[in-house]
Amino acid sequence: MAQEVYHEAEPAKASLLYDPKVRGIAFQVILIALLVLGIWWIVDNTIVNLRRSNISTGFGFLRGRSGFDISDRMIDYGSDSSYGRALVVGILNTAVVAISGIITATIVGFLVGVGRLSNNWLIRKLAMVYVEVFRNIPPLLVILFWYQGVLALLPNVRDSFALPFGSFLNNRGFYFPRFVWGDGSWLILAGLLAGILLSWYVARRAYARQMATGQRFPVFWTSLALIVGMPLLGYFLGGLPVSMDFPQKGTFNLTGGTNVKPEFLSLFLALSFYTASFIAEIVRAGIVGVPKGQTEAYSALGLRSGQGLRLVVIPQAMRIIIPPLTSQYLNLTKNSSLAVAIGYPDLYAIGGTILNQTGQAIEVVVIFGIVYLGISIFTSVLMNWFNTKMALKER
Amino acid sequence: MKHIAISVLGAAAAIGLMASAASADTLSDVKAKGFVQCGVNTGLAGFSAPNDKGEWTGIDVDFCRAVAAAVFGDGTKVKFTGLSAKDRFTALQSGEIDILSRNTTWTINRDTALGLNFAGVTYYDGQGFMINSKKLPGVNSALQLSGAAICVQSGTTTELNLADYFKANKMEYNPVVFEKFEEANAAYDAGRCDAYTTDQSGLYAVRLQMSSPNDHVVLPEIISKEPLGPSVRQGDDKWLDIVKWTYFALLNAEEAGVTQANVDEMKNSDNPDIKRLLGSEAETKIGTDLGVSNDWVVNIVKATGNYGEIFERNVGQGSPLKIARGINALWTKGGLQYGMPIR
């Protein structure tokens, strides 16, 4: 009975115009067609206009000789290298500052975030002041503060601050000795690898033994001895292959050693400390978000507060922390393009130079878009994987 | 749905309007809007910098005023856009400005691949180096700069010449590259670099902005040719002609001895050359053929003076820079400035 009534009400027999499903699809098709038409029209218009003003187009310019030098570079590059290689130098510089920034910001952020929940009044208030100061200042200002307010005020080369281990600090940056790896250095690396592998094995065995017999084994000290001892053994077996290259005073600058330039330092410090203030709040929110019952539960089980935090609270807080943390990592990476204000040769700065030397504005901007999008998507994928790993596993 | 469709159409229409703004008839566009939009340096003393009253001054600025005077008979009908080295070509290509008059070096790449046309050379320059003689007492040649940190502005021919010069002389250096002129100046003044490099005229201007100008010396080497001049978009010959002949008119006025002070009186001169130049020849068509009025040269000289006057006022003896005419003198006085005949 009821079914028959339902059949009569079926709108398919009426006009297709009133079928919500058909209508929905029709509208979507129209929208996509308009979108494609719009994009095609914009692209066509651009190409026609560029051709009319006799501006050359295409990505062929990337193979041309760049003709300019870059001071900070991870790979071999000179003025004879191509524009494409210059871009790679820029991408790597962006990656270096982003990765080192993310690591430092995470460490500082976690410390400050936990500090905000400390029982110690001084630590709690200091952490609060830190967060409120740094997250309320625009990142560009923080960068300029480090560059012009701190590093530019350091003494010049002749009056460098001498630091321990043959390091120097002056307004050209931070100089420290560099290891020169001679023949036989591979033994040290081999020793390090062997040390790590052995430590992992020891830790596994110790865990298995504790599970079986309840006896504990000093895993930490054994691993430390292995990781330090094995490379040392390699060092002696290889016939002391490593020497040091100390920075020395040259005509203009210190020569030798490794030089971390003030442009990198200020960008790195600014981005780390700026982003850390946001991460601190995320961490605090994550920890506070774990129900109080959990704290009471671990106390009832007899865990100390440090243990409880490490084994019970943080693992649960991580689930709240990771998704917003990803956004902060992406922000830090994108904020690194502010490097242009202080002359650190990141992707944006080098791309800008290429844009100006070749006049290929549209192409360079497209490359900017693709690279930043690529880096961001890569970070997101990585963090989503990490998130899935940390997610609650119901057993 | 409807809303999205409408906004997509709206956005497309807006982009269409923007694209059509850079049309091929700049003269009509300029006349329609009532002023010349001129791209200049954000602050290079002698070339284009705001003075203490907030008015733009300098050779590059005065050249734009001369073009405005030729088109409108009024040198004030011009608006200035301050541009960094990096933004300048895009601003011209996209039609944001009508003339780029921003100490820009004429090179084949810019003339061809960038879609520009250079209208002349308003200043023959060359690249040099400046150092702080207090900090580096023994240095008196650029060849002693091996290993130095050098401040330079990005996206300039300067940056390229620098790389070539150090490579050719087998010297090492450490470039510290800034996007903005002001940032490079500040970093050099703070001691971030041992040397500063740009066009020599620019070095004299930068020197005046340092905290203690007398400590800084410009080294004698000139490592490149830097012919600086105004440029326009390719594909608009009429506008190129106006800009080009404004430049030649300034030179011819100087050669004929026509100055801001005596231009009205010179209109009555019997000299046929001067009569032709100032449009007082009977039945003359020189100005109208160019697309401007026949008394265009009178308007130009009234607005800015002749080339020599512009030079002396902005970078020469009448300015703090005190740069000698040198190769920028007229060809009759042993220089390179040569105005094509107006006839």
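So here's what we get for this one:
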item	result
Residue check, A:S277 without any contact (Cβ under 8 Å) to a residue 60 or more places away in the chain and more than 30 Å from B:C193 (Cα to Cα)	no
Members of the stretch A:355-378 that are over 28 Å from A:I47 (Cα atoms) and surrounded by fewer than 19 Cβ atoms within 10 Å (Cβ to Cβ)	A:S376, A:I377, A:F378
Yes/no for A:L189 being under 30 Å from B:K135 (Cα atoms), surrounded by 12 or more Cβ atoms within 10 Å (Cβ to Cβ) and not acidic (D, E)	no
Qualifying positions in the stretch A:13-37 - within 36 Å of the chain's Cα centre (by Cα) and facing another protein chain (nearest Cβ under 10 Å)	A:L35
Hits in the stretch A:51-83 - residues which are assigned to a loop (DSSP other than H, G, I, E, B) and either among the β-branched types (V, I, T) or more than 22 Å from B:A168 (Cα to Cα) (or both)	A:S53, A:N54, A:I55, A:S56, A:T57, A:G58, A:F59, A:I70, A:M74, A:I75
When residues of the stretch A:207-257 are limited to those that are polar (S, T, N, Q) and within 14 Å of another protein chain (Cβ to nearest Cβ), the one farthest from A:F174 (Cα to Cα)	A:T251
Leading residue by the ranking (farthest from the other protein chains (Cβ to nearest Cβ)) among those in the stretch B:77-90 that are in contact (Cβ under 8 Å) with a residue 40 or more places away in the chain and not aliphatic (A, V, I, L, M)	B:K77
Residue that is nearest to A:T353 (Cα to Cα) [pool: residues in the stretch A:49-75 that are of a type in the set (G, A, S), facing chain B (nearest Cβ under 7 Å) and over 31 Å from the mean Cα position of the chain (by Cα)]	A:S56
A:A206 vs. criteria in the same structural domain as A:N335 (by TED's automatic domain parsing) and either closer than 30 Å to A:A339 by Cβ or modelled with pLDDT under 90 (or both)	no
Lone unmet requirement of (1) assigned by TED's automatic domain parsing to the domain that holds A:I123; (2) within 30 Å of B:Y173 (Cα to Cα); (3) in contact with a Phe, Trp or Tyr (Cβ under 9 Å, 6 or more places away or on another chain) for A:G256	(1)
Filtered residues of the stretch B:51-76 (kept if within 23 Å of B:A184 (Cα to Cα) and touching a residue at least 24 places away in the same chain (Cβ under 8 Å))	B:W56, B:T57, B:G58, B:I59, B:D60, B:V61
Test: B:G257 is among the small types (G, A, S), more than 12 Å from chain A (Cβ to nearest Cβ), farther than 30 Å from B:A24 by Cβ and touching a helix residue (DSSP H, G or I) at 6+ places or on another chain (Cβ under 9 Å)	yes
Unique match (being under 18 Å from A:G109 (Cβ atoms), part of a helix (DSSP H, G or I) and touching a residue at least 12 places away in the same chain (Cβ under 8 Å)) among A:T353, A:T333	A:T333
Selected residue [surrounded by fewer than 22 Cβ atoms within 10 Å (Cβ to Cβ), more than 30 Å from B:L278 (Cα to Cα) and of a type outside the set (V, I, T)] from B:E159, B:E179, B:E221	B:E221
Residue in the stretch A:280-291 that is in the same structural domain as A:V97 (by TED's automatic domain parsing), within 30 Å of B:Q93 (Cα to Cα) and of a type in the set (V, I, T) present	no
Counted residues, the stretch B:114-140 - those being out of contact with any strand residue (DSSP E or B) (no Cβ under 7 Å at 6 or more places or on another chain) and either of a type in the set (K, R) or modelled with pLDDT under 90 (or both)	7
Close pairs from the stretch B:222-237: first touching a residue at least 24 places away in the same chain (Cβ under 8 Å), partner of a type in the set (G, A, S) and part of a strand (DSSP E or B), Cβ under 6 Å, at least 6 apart	B:I222/B:G128
Within the stretch A:218-324, helices (runs of 4 or more DSSP H) holding 3 or more residues that are in contact with a Lys or Arg (Cβ under 9 Å, 6 or more places away or on another chain) and surrounded by 15 or more Cβ atoms within 10 Å (Cβ to Cβ)	A:262-288
Residue count for the stretch B:100-120, restricted to those that are in contact with a helix residue (DSSP H, G or I) (Cβ under 9 Å, 6 or more places away or on another chain), surrounded by fewer than 20 Cβ atoms within 10 Å (Cβ to Cβ) and hydrophobic (A, V, I, L, M, F, W, C)	1
Those residues of the stretch B:270-316 which are modelled with pLDDT under 90 and of a type in the set (S, T, N, Q), in sequence order	B:S280, B:T284
Subset tally (residues that are of a type outside the set (S, T, N, Q) and touching a Leu at 6+ places or on another chain (Cβ under 7 Å)) for the stretch B:209-232	3
Residues that are of a type in the set (A, V, I, L, M, F, W, C) and part of a strand (DSSP E or B), drawn from the stretch B:87-128	B:I99, B:L100, B:L116, B:F118
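The values are calculated or read from the model by the stated rules, or taken from the named source; none is laboratory data. The structure displayed is predicted, hence computed values, not measured ones. Neighbour counts are summed over all protein chains in view; Cβ atoms, including those assigned to glycine, are modelled from backbone coordinates with ideal geometry.
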